[in-house]
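Enquirer: I am attaching a structure below and will ask some questions about it afterwards.
Computed from the coordinates by the stated procedures, all read-outs in this text should not be read as laboratory data. Note that the structure is a prediction, hence the values are computed from the model and not measured. We place every Cβ from the backbone using ideal geometry, glycine too, and count neighbours over all the protein chains shown.
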Amino acid sequence: MQDDRRPVANDPRLAPVRHGLTVNGRSVAVEAAPGTRLLYVLRNDLALNGPKYGCGLGQCGSCTVLVDGRALRSCAIPVRAAVGRRITTLEGLGSGGRLHPVQEAFIAENAAQCGYCLNGMILTTVALLAANPDPSEAEIRSSLQANLCRCGTHIEILRAVRAAAARLRAARTGSDGGEA
Ligand code: FES
Ligand code: FES
């Protein structure tokens, strides 16, 4: 009887190959099968644990990273598709020893219970505010609606996004960032 596991085990698509990536401003090389999901490479090979494994199906948002500035789900991206792109994880957001203003706003507003969703909430907010510095309430809700929070911290998260927008606008204009 033919062993039908053998063709899979010998499938050249599963053989590890070298991929050059740019992650948080650094060039790195990883060995992985081309179809390996970016999330696994980030967490297992590069020890970047900001992106979280939630559903593994592109439906919850906990694994979000920025790819060329767009908030995308790393559990749904094969590593081969990330070659040549600029990947930013939660670990790469801050600069000069400081957290990113969006991270600071989420902390200031206590926008977490277990915190599992926050990686996706924060990175989605960073992408939103880069494209739209003064989003309406409806635009904020629309941007975050596919990011799930099973703790039900939505009110605090929405407040944090508004506060983050105010902080970033203030940083641009040099004012104190308080919401009017
Ligand atoms: S783990 Fe990627 S969207 Fe849920
Ligand atoms: S704070 Fe727990 S899932 Fe959002």
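Enquirer: Please arrange Arg80, Arg18 by how many other C-beta atoms lie within 10 Å of their C-beta, fewest to most.
Expert: By the 10 Å Cβ count, ascending, the order reads Arg18, Arg80.
Enquirer: Would you pull out the residues with amide H under 5 Å of Val17's amide H, same chain only if 5 or more places away, H placed 1.01 Å from N?
Expert: Residues meeting the amide H criterion: Ala32, Ala33.
Enquirer: Another question about this same structure. Placing +1 at every Lys and Arg Cβ and -1 at every Asp and Glu Cβ, with all other atoms neutral, what dipole size does the range 15-92 have around its Cα centre, in debye to the nearest 20?
Expert: 120 debye
Enquirer: Taking only Cα atoms and a 10 Å spring cutoff, compute GNM fluctuations for the chain and point out the largest among Arg150, Arg13, Arg73.
Expert: Checking each option, the largest mean-square fluctuation is seen for Arg13.
Enquirer: On to the next question. Residue by residue, what Karplus-based ³J(HN,Hα) values in Hz, rounded to whole numbers, does the range 43-54 have, using 6.51, -1.76 and 1.60 with θ = phi - 60° and x for Gly and Pro?
Expert: Working through the residues one at a time gives 6, 8, 8, 10, 6, 9, 9, x, x, 10, 7, x Hz.
Enquirer: At a threshold of 8 angstrom on Cα-Cα distance, excluding pairs fewer than six apart, so keeping six or more, what relative contact order does the range 101-173 reach in percent?
Expert: That works out to 53 percent.
Enquirer: Which of these, Asp68, Asp11, Asp45, has the largest mean-square fluctuation under a Gaussian network model of the chain (Cα springs below 10 Å)?
Expert: Highest fluctuation among the options: Asp11.
Enquirer: What spacing in nm lies between the two simple spin-label points modelled at Ala108 and Glu31, each 7 Å away from Cα in the Cβ direction?
Expert: 4.7 nm
Enquirer: Kindly write out, for the range 133-138 in residue order, the coupling ³J(HN,Hα) from the Karplus curve 6.51 cos²θ - 1.76 cosθ + 1.60 (θ = phi - 60°), rounded to whole Hz, with x marking Gly and Pro.
Expert: Going residue by residue, I get x, 10, x, 6, 4, 5 Hz, with x marking Gly and Pro.
Enquirer: Which of Pro135, Pro12, Pro34 moves the most in a Gaussian network model of the chain with Cα springs under 10 Å?
Expert: Pro12
Enquirer: With θ set to phi - 60° and the Karplus curve 6.51 cos²θ - 1.76 cosθ + 1.60, what are the ³J(HN,Hα) couplings of the range 104-121 in order, to the nearest whole Hz, using x for Gly and Pro?
Expert: So the J values, rounded to whole Hz, are 4, 5, 5, 5, 4, 8, 6, 8, 8, 10, 6, x, 5, 7, 5, 3, x, 4.
Enquirer: Further, regarding this structure: Test of understanding: what is the full-extension gain from Arg98 to Ser136, defined as 0.36 nm times their sequence separation minus their Cα-Cα distance?
Expert: 10.9 nm
Enquirer: Sticking with this structure for a sec: For Arg172 paired with Arg80, estimate the spin-label separation in nm (one decimal), with each label point 7 Å from Cα along the Cα-to-Cβ line.
Expert: 4.0 nm
Enquirer: Using a 4.7 Å Cβ cut-off, which Cys residues in the chain lack a partner cysteine?
Expert: Lacking a cysteine Cβ partner under 4.7 Å: Cys114, Cys151.
Enquirer: Next question, about the same structure. Thr64's amide H: which non-local residues (gap 5+, or another chain) put their own amide H closer than 5 Å, with H modeled 1.01 Å from N in plane and none for Pro or chain starts?
Expert: Here the answer is Lys52, Ser74, Gly120, since their amide H atoms fall under 5 Å of that of Thr64.
Enquirer: Two decimals, Cα atoms only, Kirkwood Rh: what is Rg/Rh over the chain?
Expert: Taking Rg over the Kirkwood Rh, I get 1.06.
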